[in-house]
Structures are given as C-alpha cells and as structure tokens.
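Asker: The structure that follows is given in the form of structure tokens.
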Amino acid sequence: MGVATAKLFSSHGASVLIVDIDESAGSATVDAIVSAGGEASMLVADVALESDCKSIVEAAIERYGKLDILMNSVGIGGHGATPDVTEETWNRVLDVDLKSMVFISKYAIPEMVKNGGGSIINVSSVDGIRAAMTKNIPYAAAKGGMIAVTRAMAVHHGRENIRVNCIAPGMLYTSMTEHWVDTTRDLRRKIAPLGTEGRAEDIAMAATFLASDESRWITGVLLPVDAGLMAAGPQSLINNILDDFEYV
Ligand SMILES: NC(=O)c1ccc[n+]([C@@H]2O[C@H](COP(=O)([O-])OP(=O)(O)OC[C@H]3O[C@@H](n4cnc5c(N)ncnc54)[C@H](O)[C@@H]3O)[C@@H](O)[C@H]2O)c1
C-alpha cells in the first residue's frame, strides 16, 4: 500500500519521503518514482522508536522544506487468541502499528501548523472494527486503537486545519498477504459483497483523495475500503461463500 500510494502521490506532484525498516523495499520504490520523473527519497527507520519518528520528520523538512501529508501505513500482523498472546508480540505489534502513528504525528503536527495545515491518513483495518477471520488480539487492539486516536486527533487539531482520517482496508491481496494459499485468497475475495479482489492501488486512490484539497471538509472519518464487507451483517455473507445455499 505504501508503494502504490507513494507512486500515486508522486504522479500528482508530491515529493515523497519513503520510510521502511527494509532498505530494499523502499529503494525499489524510489527508483521507480525517479525514473518516472518524480521526486522521492528514502529513509531507513524503525517507526516503533520515538527517536526514529523524530528523524523521519526532520528528514522530510530538511529534504523538502515542508510537510503537507503524512500517511501512516506501516503495519505488522499479530496473531493469537488471548491465551496465546505473548508479552513480546503484544509490545512489538502495539509499538509498530499504534505507537508509531502517535509519535510520528507528534513531530509532524507542529511542522504542519507552521505550514497552515495538513492531512494525516492512518491505515487501520477491518480487523480493528470487527473480529477477523483469524485470531489476532494484538493486531485488533492496535488497529482499533488507530481508529480511536484518529478521531481524537481530528478533534484536537481541526482548528489548525489539520485533517486526520482513517482508512480501514478489507482483505486485499498485497505483499503482506501473498503468503496465503489460493483457496484462502479466493475466500478472502468471495466473502465481500463486490466479490472482486482488492489491490494496494484501491487504498492508494482513497489515500490520494484524503490527501487532496477535494476532501478539505472531511476529517475524523473512518473509511472502509473493503468491497462492502463492513456494510454486511455476518448472516448476509453466507450467500457469498456458499454458492449453492438456498434459504428455504
Ligand atoms: N494487506 C491486507 O490485506 C491488509 C488489510 C487490512 C489492513 N492492512 C494494513 O495496511 C497497512 C499496509 O499493509 P500492506 O499490505 O501494504 O503491508 P506490507 O507488509 O506489504 O508493507 C508494510 C511495510 O512496512 C515495513 N515495516 C514493518 N515494520 C516496520 C517498522 N518497524 N518500521 C518501518 N517499516 C516497517 C515493511 O518492511 C513493509 O515494507 C498495514 O498497516 C496493514 O496492517 C493490510
């Protein structure tokens, strides 16, 4: 999602600072943007650390002079029902997925204020709204927390013209989920009302709208980009996965 969004932001004229803990993941995106004529650079950082969050914002200002848009899309999974949760997994998932958006925003918001406003886009998950297909207590906590923090930040910074919104992706096919076998991938596609497979570009397009002035009056919103999954009740999804089911 970060790759697709960086490319789309760049195609709309943004200079993009790409942050990843994995240099190869980010530098390939920088190369693609630069060879298409855009402006991008990369910073290797661990968003779970406050010191790195500070460096990320400092690098954006140093390289590009100002900060208009912050997209918090880094996320890692955290599996296990409550009896299975380890302290180590809990801490890492909460730090990477939830703490990071707070501490990057902590340094980004004052820079946006200097510049007359900005747009922060947080990437949560449908798993932060309702229980997932898999058991994932740390992930659910982090993603649910992102939705609550988005709303609070939107309220706290509205008068500074900083808009804060949250995207809840459904069950897409991306590098995070490409390890699923074909039957699982097919089920993830079929269960949602539209029945088509989501791609990283679907999130990028929603993020570009939320980053742009076209969404100037939208803040504090939770936007599912999920082929209709969150509109459905559990009972209404049965027909999507059982082709021959008849309600008699
Ligand atoms: N793929 C899905 O189906 C899906 C569904 C719902 C929500 N999401 C959420 O969407 C977001 C993006 O998902 P994706 O599929 O693009 O994930 P992805 O795994 O493809 O990309 C995440 C990137 O974050 C980087 N990263 C991991 N830990 C880091 C750290 N500590 N510091 C800096 N970088 C780090 C990884 O190296 C990776 O390049 C995540 O927050 C994820 O939880 C994904």
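Read-outs throughout are calculated quantities, based only on the coordinates presented, and are distinct from any laboratory measurement. Keep in mind the model is a prediction, meaning the values are calculated, not measured.
Asker: Pairwise over distinct Cα atoms, reciprocal of the mean inverse distance: report the Kirkwood radius of the chain in Å, one decimal place.
Answerer: Kirkwood hydrodynamic radius for the chain: 18.8 Å.
Asker: Could you tell me the distance between the Cα centroids of the range 14-84 and the range 111-139, to the nearest Å?
Answerer: Centre-to-centre distance over Cα atoms comes out at 15 Å.
Asker: Among Asp202, Asp226, Asp22, determine the one that fluctuates most according to a GNM of the chain built with springs between C-alpha atoms less than 10 Å apart.
Answerer: For the chain, modelled as a Gaussian network with Cα springs under 10 Å, the answer is Asp22.
Asker: Can you list residues from other chains, or at least 5 along the same chain, whose modelled amide H is less than 5 Å from the amide H of Leu70?
Answerer: Distant-sequence amide H within range of Leu70: Ser119, Ile120, Ile121.
Asker: Can you list the residues, at least 5 places off or on another chain, whose amide H is less than 5 Å from the amide H of Ile162, using H built in the peptide plane?
Answerer: Gly118
Asker: Also, I was wondering about something else. Out of every Cα-Cα pair in the range 91-232, what percent are more than 23 Å apart? Walk me through the numbers on the way to the answer.
Answerer: Working: 3693 of 10011 pairs.
Beyond 23 Å sits 37 percent of the P(r) for the range 91-232.
Asker: Whole-Hz ³J(HN,Hα) for each residue in the range 69-80, computed from phi via Karplus 6.51 cos²θ - 1.76 cosθ + 1.60 with θ = phi - 60°, x for glycine and proline: what do you get?
Answerer: For the range 69-80, the Karplus-derived couplings read 9, 10, 10, 9, 10, 4, x, 10, x, x, 8, x Hz, x marking Gly and Pro.
Asker: What's the lysine pair count for the range 1-140 at a Cα cut-off below 28 Å, pairs eight or more apart or interchain?
Answerer: Close lysine pairs found across the range 1-140: 15.
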